2 protein chains.
Amino acid sequence: MTEIKPFNSTEYMNHISLDCVIFGFNNNELKVLLLHLKYSKENTLPGGFLKYDETLEQAAQRIVKERTGLDNLFLKQFKVFSDPERSRSNKAVMDGIIAGTIPDPSFFENRFITVGFYALVDFLKVKPTPDFYSDHCDWVSLNTELSMLLDHKQIIQEAIVTLRLQLNQQPIGLKLLPEKFTMPELQKLYETILGRDLDRRNFQRKMLNYNILDKLQERKTGGAHKSPYLYSFNVERYQEALKDGLSGIW
Amino acid sequence: MTEIKPFNSTEYMNHISLDCVIFGFNNNELKVLLLHLKYSKENTLPGGFLKYDETLEQAAQRIVKERTGLDNLFLKQFKVFSDPERSRSNKAVMDGIIAGTIPDPSFFENRFITVGFYALVDFLKVKPTPDFYSDHCDWVSLNTELSMLLDHKQIIQEAIVTLRLQLNQQPIGLKLLPEKFTMPELQKLYETILGRDLDRRNFQRKMLNYNILDKLQERKTGGAHKSPYLYSFNVERYQEALKDGLSGIW
DNA sequence: ATAATAATGTGTCGCTATGACACTAGGAAC
DNA sequence: GTTCCTAGTGTCATAGCGACACATTATTAT
């Protein structure tokens, strides 16, 4: 249970909610897109409820589109959070009721099981858009210490663990990086997700051996030092390689 | 939505159900524990609903215990199934209503999102126990072609895919095999899950290099040929090794 | 008994992937 | 130019892996 917006609760299924951990990569950092609630001043994940004719995946796409402007994103369920206490003492709901902005308080006071999704997006393509109940919507570095609504901090943690485990099975780089990128950028992404440094030369060798990158003629200019080459993913070969997983442990 | 037993629907959360794919390994085959419904003659996964004060994990333990007699099993969520059509035209419910055995049909006619769990159990320890609505509860080989309730066939398929992907991150062998087992048995388990043959000698070398097995003095007697040695898992070292995943791709 | 059969236990060889590491090249600041 | 920093490329030794051969032991057929 997360997002609060003016809505008709009869459109939505009771007891089931979704929360989306939207990952972006910028400035050599992994970031998540968070909302900041007007009344309770808490940070929340973009989330929402399930309509009667939707799958959870469709609901997640809808929710993510409202916050990012983007369609058809890479989204994956990773865990259901079902602690009976998780939606108790929901400060955001209390404040909303006091402010008179929640049309159907009894709906929000129910117990909700939430399905966690993570999304991988191209940072630069996102237009962060707050909803009615939040005063802003921003990218937040994972290093930042934040006060989060309910169990949302835990949800983010679990999303990262999942991301790390699936690093060789999911198109992490393809989805998180722009069309063209440099080898050092790709390496930084892997290092950030894994939480440790990798050897520059070994990383490059291994990556190139996967045969999933196209080396472009262009170099990235404007940097302060030697211009690195630009690469792009060969989507076909990448997808093919992922079927068996990118071999090896990083 | 799966298990139908005499119950008071007010004890349970609406719209949320669980289905458990209980894996066992016997006679060199992977098997799942299924119920066979009296009226509709369909096979179903053991499943049930969520009580108001339970987590999904607790509910899954409860459900699995009722069918196997076992406590504290290895259980993991793997996916939520949320197709709005999935619980439509539920033959089992229709037959139950006709037979007058469903106390609260309106509850069952609601839309249900189901959370898939898989369990890994020691085949020999399980006492398959049917519920009120099923005439028997049996182990069924995955090679068997069956008519299953609703989307239960798909749920089993997804469970297997998950099992395969997590083969190096989860204590598959430890949970599916008896205390003492032979190397060929362990190999067969891996081959069954992976769906392909492995080289006997390379398998043994790799397994032993993990340092997670204790070679016992005993040998398994009664077999038709040379007696194989018995092994058991060194639980401590196994758990330790799983933290980083058992390296390598099978 | 003896031989045939079949599965298990153990060892070798060559290749590849990997980790550790060093040198060269290019762009910016001075 | 010189300095500094980053990127591009190469080498070497080792561990792990796939492919493969031979000896051992238990049952079964004769």
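Structural remarks
Yes/no matrix, rows are residues, columns are (1) farther than 19 Å from A:Asn26 by Cα; (2) polar (S, T, N, Q); (3) exposed (fewer than 13 other Cβ atoms within 10 Å of the Cβ):
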| position | (1), (2), (3) |
| --- | --- |
| A:Lys188 | no, no, no |
| A:Asp199 | yes, no, yes |
| A:Asp214 | yes, no, no |
| A:Glu218 | yes, no, yes |
| A:Pro228 | no, no, no |
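- When the range A:190-200 is filtered for residues that are part of a loop (DSSP other than H, G, I, E, B) and within 9 Å of DNA strand C (Cβ to nearest atom), the ones remaining, listed by number, are A:Leu198, A:Asp199.
- Flag if A:Gln187 is assigned to a loop (DSSP other than H, G, I, E, B), away from DNA strand C (no atom under 11 Å from the Cβ) and farther than 30 Å from A:Arg88 by Cβ: no
- Pick from the range A:63-84, criterion touching a residue at least 60 places away in the same chain (Cβ under 8 Å) and of a type in the set (D, E, K, R), ranking: surrounded by the most Cβ atoms within 10 Å (Cβ to Cβ): A:Arg67
- Any chance A:Phe203 is buried (at least 18 other Cβ atoms within 10 Å of the Cβ) and within 11 Å of DNA strand C (Cβ to nearest atom): yes
- Whichever residue in the range A:38-62 is open to solvent by 50 Å² or more (accessible area, probe 1.4 Å) and closer than 13 Å to B:Ser82 by Cα and, among such residues, is nearest to the other protein chains (Cβ to nearest Cβ): A:Asp53
- The listed residue being more than 14 Å from chain B (Cβ to nearest Cβ), in contact with a strand residue (DSSP E or B) (Cβ under 9 Å, 6 or more places away or on another chain) and among the polar types (S, T, N, Q), out of A:Thr68, A:Thr114, A:Thr101: A:Thr68
- Of the residues examined, A:Leu34 is one that is within 17 Å of A:Phe132 (Cβ to Cβ), of a type in the set (A, V, I, L, M) and touching a strand residue (DSSP E or B) at 6+ places or on another chain (Cβ under 7 Å).
- Set B:Leu177, B:Leu165, B:Leu149: member being under 23 Å from B:Gln239 (Cα atoms), open to solvent by less than 20 Å² (accessible area, probe 1.4 Å) and either within 14 Å of chain A (Cβ to nearest Cβ) or away from DNA strand D (no atom under 15 Å from the Cβ) (or both): B:Leu177
- Which numbered condition A:Pro184 misses (of (1) open to solvent by 70 Å² or more (accessible area, probe 1.4 Å); (2) in contact (Cβ under 8 Å) with a residue 40 or more places away in the chain; (3) farther than 22 Å from A:Asn211 by Cα; (4) not assigned by TED's automatic domain parsing to the domain that holds A:Cys20): (3)
- Listed by first and then second residue, the pairs with beta-carbon distance under 7 Å, at least 6 apart or on different chains, first residue in the range B:212-230 and more than 30 Å from B:Gln169 (Cβ to Cβ), second open to solvent by 50 Å² or more (accessible area, probe 1.4 Å) and more than 9 Å from DNA strand D (Cβ to nearest atom), are B:Arg219/B:Tyr229; B:Ser227/B:Lys220.
- Criterion violated by B:Leu216 - all others in (1) aliphatic (A, V, I, L, M); (2) within 14 Å of another protein chain (Cβ to nearest Cβ); (3) assigned to a strand (DSSP E or B) satisfied: (2)
- Scanning the range B:103-119 for residues that are of a type in the set (S, T, N, Q) and either over 27 Å from the mean Cα position of the chain (by Cα) or at pLDDT below 85 (or both) yields a single hit, B:Ser106.
- Total residues in the range B:110-125, condition open to solvent by 10 Å² or more (accessible area, probe 1.4 Å), in a loop (DSSP other than H, G, I, E, B) and in contact with a Phe, Trp or Tyr (Cβ under 8 Å, 6 or more places away or on another chain): 1
- The number of residues in the range B:211-249 being near DNA strand D (Cβ under 7 Å from one of its atoms) and not β-branched (Val, Ile, Thr) comes to 9.
- Taking the listed residues B:Ala224, B:Ala241, the one that is modelled with pLDDT under 95, in a helix (DSSP H, G or I) and either assigned by TED's automatic domain parsing to the domain that holds B:Pro178 or away from DNA strand C (no atom under 13 Å from the Cβ) (or both) is B:Ala241, with no other qualifying.
- Evaluation of A:Phe74 against (1) closer than 19 Å to A:Asp131 by Cβ; (2) more than 14 Å from chain B (Cβ to nearest Cβ) (one fails), failing number: (1)
- Residue in the range B:213-227 that is acidic (Asp, Glu) and within 24 Å of the chain's Cα centre (by Cα) present: no
The values are calculated or read from the model by the stated rules, or taken from the named source; none is laboratory data. All figures in this text were calculated on a predicted structure; none of them were measured in a lab. Virtual Cβ from ideal backbone geometry, glycine too; neighbours counted across all protein chains shown. For the accessible areas, the whole protein counts, side chains as well, though only heavy atoms, and no ligand, DNA or RNA atoms are used. Shrake-Rupley method; radii C 1.70, N 1.55, O 1.52, S 1.80 Å.
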